[in-house]
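**Q** I'd like to ask you about the structure that follows.
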Amino acid sequence: MSKTILVFAERREGALRRVALEALGAAKRLAGKDGTVHAVLACFGGAADSAAELIARGADVVHIADDPSLEHYVPEAYIAVLGAAMSAVRPDALLLGHTASGRELAPRVAVAHSAGHIADVTAIEVAGDGSDVAFVRPLYAGKAFERRSFLPGHPWVITVRPNNLPPAELCDSGERGGSVAVLAYTAPPLLTAVRGIVRRTRGQLDLAEADVIVSGGRGVRSAAGFEPLHELAAAFGGTVGASRAACDAGYCDYALQIGQTGKVVTPQLYIACGISGAIQHLAGMSQSRTIVAINKDSDAPIFGIADYGIVGDLFEIVPLLKAEVLRTKVTG
């Protein structure tokens, strides 16, 4: 069964976020062989490269809303863009990333268009001719999963958790084509004005989309104690996270916090350094593909979910790991 699917192609600093490509891959699967995949870009200039990449990865039509009100994320403006795209395309489903903006936009669009809404999807199960679709999402901080489906008769709004679904692959250059359309968009009255953006995380990768995360807890002992973690993360090409205890102690900014009251991450590799493993922290990282725990306390709860555990001083072990990673890169 073919469908028309719309994807919100979220960008960050002028480039497509990886979760946008993951949503595009899911859209292609949901649309079916004879379906149509649309993408919508909200921007102020510089959309040509993003539109070309979306088409190269399978979008049939890219709708561009280009306006000064869209230079920075402002909810009222972006909701208006998605509303205009929904009216122009009239899709069977809208897919967004389960990011800070996606979590805000999705329920508002769903209410405005009488659509069903399923959030934080980590897997999509399509059976038969595509008429039977189930969406898998975690419950109880990842301790259980549920499969949910939509009732017929209304469009769907779905947010997909970053780093869980495969991104859309590049198509052969001669295999298919796509088109770009200008979206009819009028900026609404804005209740928020963005005067500037201050980055407080050393320009590092987005935690939700990182393949490798080196995370520190109270055992790091100080802000300076995070430096070896940054060095190890850089060796892996990853990024640094933290437990709430480390943030509360002032060792790092709350933007790095992972856990129930922070960010939820699912990297390929998660290295927990000096983190005891409180349930609130496990809620944010327990679905990581491989978990390595480093802690002096052999009874720390983090070892209960770790794939590999190292009992010892992180300030001795982390430099050794970094040296080994760098040596492997040189000899490999």
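The values are calculated or read from the model by the stated rules, or taken from the named source; none is laboratory data. Bear in mind the structure is a predicted one, so any value in this text is a computation, not a measurement. Here the Cβ is made from the backbone with ideal geometry for all residues, glycine too, and neighbour counts use every protein chain on show.
**Q** Can you work out which of the residues in the range 128-144 that are under 20 Å from H281 (Cβ atoms) and of a type outside the set (D, E, K, R) is surrounded by the most Cβ atoms within 10 Å (Cβ to Cβ)?
**A** Only one residue tops the list, namely P138.
**Q** Does any residue in the range 169-197 that is closer than 30 Å to K28 by Cβ come within less than 6 Å, Cβ to Cβ, of a residue that is in a loop (DSSP other than H, G, I, E, B) and at pLDDT 90 or above six or more places away or on a different chain, and which pairs are these?
**A** L170/R57; C171/G58; G178/A59; G178/D60
**Q** Quick test for you: out of P166, P107, pick the one residue that is under 24 Å from L21 (Cβ atoms) and loosely packed, with under 14 Cβ neighbours inside 10 Å. Even if it seems obvious, please write down each step before you answer.
**A** Values: P107 fails: loosely packed, with under 14 Cβ neighbours inside 10 Å.
Just one listed residue meets the conditions, P166.
**Q** Among the residues of the range 253-275, count how many are in contact with a strand residue (DSSP E or B) (Cβ under 7 Å, 6 or more places away or on another chain), surrounded by fewer than 23 Cβ atoms within 10 Å (Cβ to Cβ) and within 19 Å of P228 (Cβ to Cβ).
**A** 1
**Q** Also: Kindly establish whether I158 is touching a Phe, Trp or Tyr at 6+ places or on another chain (Cβ under 8 Å), surrounded by 12 or more Cβ atoms within 10 Å (Cβ to Cβ) and farther than 20 Å from A106 by Cα.
**A** Working: touching a Phe, Trp or Tyr at 6+ places or on another chain (Cβ under 8 Å): yes; surrounded by 12 or more Cβ atoms within 10 Å (Cβ to Cβ): yes; farther than 20 Å from A106 by Cα: no.
No, not satisfied.
**Q** Go through the range 13-26 residue by residue and tally those that are surrounded by fewer than 24 Cβ atoms within 10 Å (Cβ to Cβ) and touching a Ser or Thr at 6+ places or on another chain (Cβ under 9 Å).
**A** Here the count works out to 4.
**Q** Just to check your reading of the model, which residue among A112, A119, A100 is at pLDDT below 95 and surrounded by fewer than 21 Cβ atoms within 10 Å (Cβ to Cβ)?
**A** Result of the check over A112, A119, A100: A100.
**Q** When you look at S50, is it in contact with a helix residue (DSSP H, G or I) (Cβ under 6 Å, 6 or more places away or on another chain) and farther than 24 Å from H117 by Cβ, yes or no?
**A** Here the answer is no, as S50 does not meet what is asked.
**Q** Here's something else I'd like to know. Name the one entry in L183, L191 that is within 26 Å of A56 (Cα to Cα), over 20 Å from the mean Cα position of the chain (by Cα) and hydrophobic (A, V, I, L, M, F, W, C). It would help to see each step written out before you state the result.
**A** On the way: L191 fails: within 26 Å of A56 (Cα to Cα).
After ruling out the rest, the residue left standing is L183.
**Q** Let me ask another. Would you confirm whether or not the range 242-249 contains a residue that is surrounded by fewer than 23 Cβ atoms within 10 Å (Cβ to Cβ), closer than 20 Å to N164 by Cβ, modelled with pLDDT of 95 or more and outside the structural domain of D60 (by TED's automatic domain parsing)?
**A** no
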